[in-house]
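Before any comments, here is the structure.
The values are calculated or read from the model by the stated rules, or taken from the named source; none is laboratory data. From a predicted model like this one, the values you see are computed outputs, not experimental measurements. Positions of Cβ are backbone-derived with ideal geometry, glycine not excepted, and every protein chain shown enters the neighbour counts. Protein only, heavy atoms only, side chains kept; ligands, DNA and RNA dropped before computing areas. Shrake-Rupley method; radii C 1.70, N 1.55, O 1.52, S 1.80 Å.
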Amino acid sequence: MKQRYKFTWLLIMLLGLFVHSQAQQNQQCLKCHGQVFYQYDNEWTGQVDKRPMNPFYHIDSVKMHTSVHKEFSCTDCHSPDYETFPHSGELRMEEKYACIDCHGGDENFAKYNFEGIEEAFMESVHFKANDEKFNCWMCHDPHGYQLALRSQESIKDVVSLSNQMCLDCHDNKFKYGLISDEMPKDLMETHAWLPNQANHFTKVRCVDCHTQVQSDILVSHKILAKEEALRNCVQCHSTNSVLMESLYSHKVRESREESGFINAAILNEGYMIGANRNVVLNYVSVILFGLLIIGLLIHLILRFTILKKK
Amino acid sequence: MSEKLFLYPTWLRVWHAINAVFFLVLLLTGISMQYSNPNWVLVPFDIAVASHNISGVVILIAYFFYLFFFITTGNKRHYKIEFKGLMGRVITQVRYYVFGVFKKEEAPFPTSWNMKFNPLQQLTYVLVMFVLYPILIATGVALLFPELIIDNFFGIGGTLLTALLHASAGFLTSMFLIIHLYFATMGATFFANFKSIINGYHEVH
Ligand code: HEM
């Protein structure tokens, strides 16, 4: 028993040491990449130069610490040669890892089905139009991606995290310009047909309309051509809403069926016209309405028969 | 030819016509949204949403129009409920509808210049115009601007509560409409009251 405790302690201390050194190591990079300005000793002039950091090379260390790869050192993914500055010019040719390089065929990550995701992604408009130029990192910020649907409690957070992944590019002409020579179209305009558009964009994910539900992966990655996007309101706004299999698939299981509402999972945070009805109230209203009509009909018939006779 | 009373002034008839038309649109589109279903379309959802919103705003404006004339004209005299002995009068009126009409009895509260409604009419009109309509309109406006609704009301979603209240008030007003339509046929003749609300003159029995 005692032996086990000792071992655990040793592990914890080792882990602490590792995390500590990882943080220290990253600090080495972040002292430049985490700042708006960076400084270095100019060996030629003997002075300390202060320069602005390219905002695209700026890394948000807070975001990095909430990301799925928070345990990583910069140099786990980047060459250790980056430790020297100025960085060697050749380093920019360095090939980056793909998700599948680390996650492919790994038992620990089987539940995500990375292979299935990659397959779906290869059929997406993005990959079809741009091939390798468009890769997983385009959406998954290597220095900030955090799981949304699988781990976030509130639908609002899930939606905002997921949509930001698309908006970072579709709403940012600089990033969009890396892929395309055209300007990104204004999403407000291309989605003007959607009423309360701003509200929809905070309550529903881009992928809920731009992909079809896939049973083998949690979030479908096959972004469809715009012609195939979901436009029919009733696909969401009805009792058999597609959202129950996508955005709400996680919540459905824990939903409070006994509440008497259809699709009760939605009600934790919102209310969706057409998809949330109260079963009891529906019955009561139909019955009351029926009784009223029957009553009035009888009265009408009596009026005609009795009064006509008189 | 029976005697005629001018009981429905022009503003009232204008309000009533607009109100009736747009209320029917609201009813139809409201039911269509509540029971929306991909296989069974009463009104296409986006059209239903748009027309429900527009009609709602029209009804809101019309309601203020009604309130304005309600305050400034003498029509309000018909809406002043005399609480003393109200119960008895209501029972008398109900008894009349259930038995009296069939015995060709005289109406217990005939329409007059000073009181065009019978107690039952008066009660329902006041209830609809000053309880249900304000609820319907207030909740409707809130649903139009959902960001104004508080998120959580004692553990129940604010939007849910608002929507439930809206649908329930809508349902009750629809029940009123059915009753209203039916009892409108009990005038001097089957269609007499419908003529009145169009031309303004009430035919006395
Ligand atoms: C197709 C629809 C409708 C028809 C055919 C109709 C018909 C009539 C008729 C015949 C009258 C005069 C008889 C009476 O005073 O009882 C009347 C009065 C009235 N109706 Fe309607 N109605 C309709 C819809 C509505 C709706 C939707 C409301 C409100 C929710 C409403 C509220 C009233 C009120 C308040 C009066 C009394 C007005 C006054 O004299 O101050 N009606 N209606």
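Would you check if B:Leu24 is closer than 18 Å to A:Cys233 by Cβ, surrounded by fewer than 17 Cβ atoms within 10 Å (Cβ to Cβ) and within 13 Å of the ligand (Cβ to nearest atom)? Spell out the reasoning first.
Numbers: closer than 18 Å to A:Cys233 by Cβ: no; surrounded by fewer than 17 Cβ atoms within 10 Å (Cβ to Cβ): yes; within 13 Å of the ligand (Cβ to nearest atom): yes.
No.
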**OP:** Kindly indicate which of B:Tyr133, B:Tyr182 is touching a residue at least 60 places away in the same chain (Cβ under 8 Å), aromatic (Phe, Trp, Tyr), in a helix (DSSP H, G or I) and closer than 26 Å to B:Ser32 by Cα.
**Re:** B:Tyr133
Subject >> Failed criterion for A:Leu247 (all others in (1) modelled with pLDDT of 85 or more; (2) at the interface with chain B (Cβ under 10 Å from one of its Cβ atoms); (3) more than 30 Å from B:Val98 (Cβ to Cβ) hold) >> reply: (2)
Subject >> Selection count where residues are part of a loop (DSSP other than H, G, I, E, B) and facing another protein chain (nearest Cβ under 8 Å), scope the range B:16-41 >> reply: 5
**OP:** Kindly indicate which of A:Asn240, A:Asn199, A:Asn232 is within 12 Å of another protein chain (Cβ to nearest Cβ) and open to solvent by less than 70 Å² (accessible area, probe 1.4 Å).
**Re:** A:Asn199
Subject >> Residue satisfying all of: in the range A:142-156; under 20 Å from A:Thr211 (Cα atoms) and surrounded by 15 or more Cβ atoms within 10 Å (Cβ to Cβ); farthest from the chain's Cα centre (by Cα) among these >> reply: A:Ile155
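Yes or no, residue by residue, for (1) of a type in the set (Lys, Arg); (2) within 14 Å of chain A (Cβ to nearest Cβ); (3) under 21 Å from the mean Cα position of the chain (by Cα):
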{"residue": "B:Ile54", "(1), (2), (3)": "no, yes, yes"}
{"residue": "B:Ile61", "(1), (2), (3)": "no, no, yes"}
{"residue": "B:Asn75", "(1), (2), (3)": "no, no, yes"}
{"residue": "B:Val90", "(1), (2), (3)": "no, no, yes"}
{"residue": "B:Glu105", "(1), (2), (3)": "no, yes, no"}
{"residue": "B:Pro119", "(1), (2), (3)": "no, no, yes"}
{"residue": "B:Val128", "(1), (2), (3)": "no, no, yes"}
{"residue": "B:Glu147", "(1), (2), (3)": "no, yes, no"}
Original post:
When you go through (1) without any contact (Cβ under 8 Å) to a residue 12 or more places away in the chain; (2) on the phi > 0 side of the Ramachandran plot one by one for A:Asn263, which number turns out not to apply?
Top reply: (1)
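Can you name the residue in the range B:127-136 that is within 11 Å of the ligand (Cβ to nearest atom) and open to solvent by 30 Å² or more (accessible area, probe 1.4 Å) and, of all such residues, is farthest from B:Tyr66 (Cα to Cα)?
Initially, the range B:127-136 is screened for residues within 11 Å of the ligand (Cβ to nearest atom), giving B:127-130, B:132-133, B:136.
With the extra rule that they be open to solvent by 30 Å² or more (accessible area, probe 1.4 Å), the set shrinks to B:127, B:130.
On the way: B:Leu127: 15, B:Phe130: 11 Å.
Here the answer is B:Leu127.
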